[in-house]
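Q: Can you read through this structure? Questions will come right after.
The values are calculated or read from the model by the stated rules, or taken from the named source; none is laboratory data. It should be emphasised that the depicted structure is a prediction, and the values quoted were computed from it without experimental measurement. Reconstructed Cβ throughout: ideal geometry from the backbone, glycine too, with neighbour counts over all protein chains shown.
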């Protein structure tokens, strides 16, 4: 009887170990995907905020640089 319980516990432990191993692998894969998505979004942000792009958008919208007397500097 005791041997059967020990054997049953051993089988259960091994099954849980394998199941948790698969779960951990899935979590790592998902984490890698999120990290890649994050990297792509950061690149997109940097590209959208680049001075070259902002200059191009300004030219496209026919914006011009202000005169020196139109600039107001704030203290802070």
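Q: What are the residue pairs meeting all of these: first residue in the range 53-76, first residue within 30 Å of residue 43 (Cβ to Cβ), second residue outside any loop (DSSP other than H, G, I, E, B) and modelled with pLDDT of 95 or more, Cβ atoms under 7 Å, and 6 or more apart or on different chains?
A: Matching pairs, first to second residue: none at all.
Q: Only one of these is modelled with pLDDT of 95 or more and part of a helix (DSSP H, G or I): 54, 5, 43. Name it.
A: 43
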